[in-house]
Amino acid sequence: MSWRECTVVSERKEFVLFAGLKDRSVSDLCRRFGVSRVTGYKWLLRDRVGEGLADRSRRPHSSPARTAEATETLVCRLRQEHPAWGGRKLHHYLRREGVQPLPSPSTVNNILRRHGLLDPERREARDWQRFEAEAANRLWQMDFKGPIETQAGPCHALTVLDDYSRFNLCLGICPDQRRDTVQTQLTHAFERYGLPDCLLCDNGPPWGSGYAGQPFTRLAAWLIRRGIAVSHGRPYHPQTQGKDERFHLTLSLELLKPPPVWHHPDELATAARSWRELYNHRRPHEALGNEPPASRYSPSRRAYSPLLEPIEYPPADLKRIVQQDGHISFRGRQYLVGRAFASEPVALRAVGDGLWEVYYCFQRVSRIDLSSANV
């Protein structure tokens, strides 16, 4: 299967999938996908009558009389197209594609072994998870993978994964890791899928400053301002973002290794879009009962809007404007809140004897101890 698969068809499949969810507005989906209602209903009609979107499956015509030789040929071809997939994943992929007769996982492994396509030293790893969000869009994980070398220069892959469904919301091939680049990629994801409740990322730039005293960056402030809580993983513990780290391994095994010669980041971006469609909509995921992530994901009901309401705090809060150097003035002293919030209003709330918490919008961003000499 070529990685240059038409991504327009992938977007249409996604549109049809989301339109079939309960209480989902077709008009809202059309707005998110940037198409007219006429176009959106046309896609739904074509899918209903089996026209236009029928190229989702590339499998050969199935038959109850399929011979053992034909089955082996099919299994071997899929293994060559997806060399990182083992017997279990190939079995469930064939099951979802409706292939009959369906070989068991052990039979698939035996076929691979007979044709020299199975590494005898490799064991299929299980991805044990320690926690999971209770619903889609409650928590997204975000990180960069890279640098990835191309003949035109290195690039970086920005990945965003829904914690509950493992649905990949963003696989952006970026020239750098700057804040503006990330904001542009995230805006595209928000327009398509809506807003998550929380974004989990590590402590490095551009989403974390790396300093415990003021961990928030301008990117974090940008997210909080849009109603998204920002959570940083424990320092030096990448397993906190374990699902996105595991996604990076899958990306490496199935798209980036063995390393092809990428002539330009645009070529890699095209391949990444096709692979993303495979990962989200067709690739079996063991943690999801061998169903693809799209079977468990639905877009957020919190729609993205470029227009922001003024920041308001309860009347009982004490308000301050953050200075350009990241400090606020309180009780005759200067306290560091963070340069990320320069010129923005913050609120102070008493939580104990001499203890105050500092909030930006809804998120606590600092703590003040009047008895401490640290400012």
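Structure above, values below:
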quantity	calculated
Residue match in the stretch 187-197 (condition: free of Cβ contacts under 8 Å to residues at least 12 places away in the same chain and hydroxyl-bearing (Ser, Thr, Tyr))	no
Hey, Gln363 surrounded by 12 or more Cβ atoms within 10 Å (Cβ to Cβ) and either within 31 Å of the chain's Cα centre (by Cα) or in contact (Cβ under 8 Å) with a residue 12 or more places away in the chain (or both) or not	yes
Filter pass, Gly194 being modelled with pLDDT of 95 or more, touching a Ser or Thr at 6+ places or on another chain (Cβ under 6 Å) and not basic (Lys, Arg)	yes
The stretch 190-216: number of residues that are touching a Cys at 6+ places or on another chain (Cβ under 7 Å) and crowded, with 21+ Cβ neighbours inside 10 Å	1
Any hit, the stretch 311-325, residues being over 26 Å from the mean Cα position of the chain (by Cα) and on the phi > 0 side of the Ramachandran plot	no
Residues located in the stretch 279-305, provided they are without any contact (Cβ under 8 Å) to a residue 40 or more places away in the chain and touching an Asp or Glu at 6+ places or on another chain (Cβ under 9 Å)	none
Every residue from the stretch 50-73 that is at pLDDT below 50, part of a helix (DSSP H, G or I) and surrounded by 12 or more Cβ atoms within 10 Å (Cβ to Cβ)	Arg56
Residue match in the stretch 327-336 (condition: surrounded by fewer than 16 Cβ atoms within 10 Å (Cβ to Cβ) and on the phi > 0 side of the Ramachandran plot)	yes
Which numbered condition Val358 misses (of (1) without any contact (Cβ under 8 Å) to a residue 60 or more places away in the chain; (2) assigned to a loop (DSSP other than H, G, I, E, B); (3) surrounded by 15 or more Cβ atoms within 10 Å (Cβ to Cβ))	(2)
Residue check for Ala189: in a loop (DSSP other than H, G, I, E, B) and either at pLDDT 85 or above or more than 11 Å from the chain's Cα centre (by Cα) (or both)	no
Out of Ala342, Ala350, sole residue that is out of contact with any Gly (no Cβ under 6 Å at 6 or more places or on another chain), closer than 19 Å to Ala221 by Cβ and among the aliphatic types (A, V, I, L, M)	Ala342
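Conditions tested, residue by residue: (1) over 26 Å from Leu186 (Cβ atoms); (2) of a type in the set (Phe, Trp, Tyr).
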site: Arg276; (1), (2): no, no
site: Arg282; (1), (2): no, no
site: Ser298; (1), (2): no, no
site: Arg301; (1), (2): no, no
site: Ile321; (1), (2): yes, no
site: Phe330; (1), (2): yes, yes
site: Asp353; (1), (2): yes, no
site: Cys361; (1), (2): no, no
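This table checks each residue for (1) modelled with pLDDT of 80 or more; (2) assigned to a helix (DSSP H, G or I); (3) in contact with a Leu (Cβ under 7 Å, 6 or more places away or on another chain); (4) more than 30 Å from Ala303 (Cα to Cα).
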position	(1), (2), (3), (4)
Arg4	no, no, no, yes
Val8	no, yes, no, no
Arg24	yes, no, no, no
Leu44	yes, yes, no, no
Arg48	yes, yes, no, no
Val75	no, yes, yes, yes
Arg113	no, yes, no, yes
Leu117	no, no, no, yes
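The values are calculated or read from the model by the stated rules, or taken from the named source; none is laboratory data. Only a predicted model underlies this, so the values are computations on that prediction, with no experimental measurement involved. Neighbour counts run over all protein chains shown; Cβ positions are idealised from the backbone, glycine included.
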